Amino acid sequence: VQLQASGGGSVQAGGSLRLSCAASKPTFRNNAMGWFRQAPGKGREFVATISYTGGSTYYSDSVKGRFTISRDNARNTVYLQMHSLQPEDTAVYFCAASYGSYGSSDYTRFKYWGQGTKLTVSS
């Protein structure tokens, strides 16, 4: 079981980027998915989560209104569309698959983790 995150890179403040997370198995269609991030020298931070159908989403206050999580179960892929990026968004972004069908901001509720993709936002 693998999750492959991609799409990171370097952007200027105010820019946009979309991260993707491809699951190796279609069984992830039954799992809520989430994005977390870890900035240099800091702990893991919740970013967004989406239910197994995509009908329910939840965001951290720091990204609400700027980021959008979505999923395409036919492609076994979850996305994180990011707008109005700021230097404080600089981090390694991880996608994760939850134990259950509905998401959570608690990283311990996630079973499978991708390898991370790095985002750098310059001012």
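The values are calculated or read from the model by the stated rules, or taken from the named source; none is laboratory data. Everything numeric here is computed off the predicted structure, so don't read it as measured data. A quick note on method: Cβ atoms are made from the backbone with ideal geometry, for glycine too, and the neighbour counts reach across all protein chains shown. For accessibility, only protein heavy atoms count, side chains too; no ligands or nucleic acids. Shrake-Rupley method; radii C 1.70, N 1.55, O 1.52, S 1.80 Å.
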In segment 77-92, residue nearest to residue 26 (Cα to Cα) [restricted to those that are more than 14 Å from the chain's Cα centre (by Cα) and open to solvent by 30 Å² or more (accessible area, probe 1.4 Å)]
84
Go through the residues of segment 21-44 one by one and say whether even a single one is at pLDDT below 95, closer than 16 Å to residue 4 by Cβ and among the β-branched types (Val, Ile, Thr).
yes
Out of all the residues in segment 51-74, which are over 13 Å from the mean Cα position of the chain (by Cα) and small (Gly, Ala, Ser)?
54, 55, 56, 62, 65, 74
Looking at this structure, is residue 99 of a type outside the set (D, E, K, R) and either crowded, with 17+ Cβ neighbours inside 10 Å or without any contact (Cβ under 8 Å) to a residue 24 or more places away in the chain (or both)?
no
Go through 75, 29 for me and flag whichever is more than 19 Å from residue 8 (Cα to Cα) and assigned to a helix (DSSP H, G or I).
29
Members of segment 1-54 found to be in contact with an Asp or Glu (Cβ under 8 Å, 6 or more places away or on another chain), surrounded by fewer than 17 Cβ atoms within 10 Å (Cβ to Cβ) and either within 16 Å of residue 96 (Cα to Cα) or of a type outside the set (A, V, I, L, M, F, W, C) (or both), listed by number:
38
Any residue at all in segment 40-50 that is touching a residue at least 60 places away in the same chain (Cβ under 8 Å) and either over 10 Å from the mean Cα position of the chain (by Cα) or not in a strand (DSSP E or B) (or both)?
yes
Per the filter on segment 102-123, residues open to solvent by less than 60 Å² (accessible area, probe 1.4 Å), of a type in the set (Val, Ile, Thr) and out of contact with any Leu (no Cβ under 9 Å at 6 or more places or on another chain) are 120
Matching residues in segment 78-123 (farther than 14 Å from residue 21 by Cβ and assigned to a loop (DSSP other than H, G, I, E, B)) number 13
